[in-house]
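These notes concern the structure reproduced below.
The values are calculated or read from the model by the stated rules, or taken from the named source; none is laboratory data. All figures in this text were calculated on a predicted structure; none of them were measured in a lab. Here Cβ is always computed from backbone atoms with ideal geometry, including for glycine, and neighbour counts include all displayed protein chains. Please note that ligands, DNA and RNA were not included when accessible areas were found on the heavy atoms of the full protein model with its side chains. Shrake-Rupley method; radii C 1.70, N 1.55, O 1.52, S 1.80 Å.
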Amino acid sequence: QVHTPRLLDRIGLYAEAEALIAREPSAEDLSKLLHAFLLTVPFENLGQHAHPALGDSVAAVPAAKHIPSLDVHKTLKKVVYDRRGGFCFELNFAFAWLLRSLGYKVRLSISYVITPGGPVPGHL
């Protein structure tokens, strides 16, 4: 998997990438991967807002509203190559992809957020 070392680099584990790819999955490595991912890939919804980023070196976000993609290749491009965060679907798809590429068995499921108005579906 060509993206695996790049994603490990994205989460700060490049020095360990070769070893992580070569060895069998373990609880210790899973903990390390989760911790690194949570600290380096933020939840973000910048694609929902048009902002010109005037006066700084950050590229402007297009005015078109970003619809989170369920296409793992688009998600990996955004998270790994564009070095951005994403919505829960995007982040969890990227992390599940990484784990699967390292030999872990992963099951994704939908969840609800409980609010005063009742449960809101549509989270991963």
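Summary table below
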item: Count of residues meeting criterion [of a type in the set (Gly, Ala, Ser), assigned to a helix (DSSP H, G or I) and at pLDDT below 90] in the range 78-124; result: 0
item: Filter result for GLU16 (over 18 Å from VAL72 (Cα atoms), open to solvent by 80 Å² or more (accessible area, probe 1.4 Å) and free of Cβ contacts under 8 Å to residues at least 40 places away in the same chain); result: no
item: Residues of the range 98-112 classified as of a type in the set (Phe, Trp, Tyr) and more than 13 Å from LEU34 (Cα to Cα), total; result: 1
item: Where a residue in the range 24-49 is in a helix (DSSP H, G or I) and modelled with pLDDT under 95 and its partner, wherever it lies, is open to solvent by 60 Å² or more (accessible area, probe 1.4 Å) and of a type outside the set (Ser, Thr, Tyr), with Cβ under 9 Å and at least six apart; result: LEU46/ARG84; GLY47/PRO62; GLY47/ALA64; GLY47/LYS65; GLY47/ILE67; GLY47/ARG84; GLN48/LYS65
item: Meets criteria (open to solvent by less than 10 Å² (accessible area, probe 1.4 Å) and out of contact with any Gly (no Cβ under 6 Å at 6 or more places or on another chain)) for ILE11; result: yes
item: The range 66-86 - residue that is closer than 19 Å to THR4 by Cβ and in contact with a strand residue (DSSP E or B) (Cβ under 8 Å, 6 or more places away or on another chain) and, of those, surrounded by the most Cβ atoms within 10 Å (Cβ to Cβ); result: VAL79
item: Evaluation of GLU16 against (1) modelled with pLDDT of 90 or more; (2) of a type in the set (Asp, Glu); (3) not in a helix (DSSP H, G or I) (one fails), failing number; result: (3)
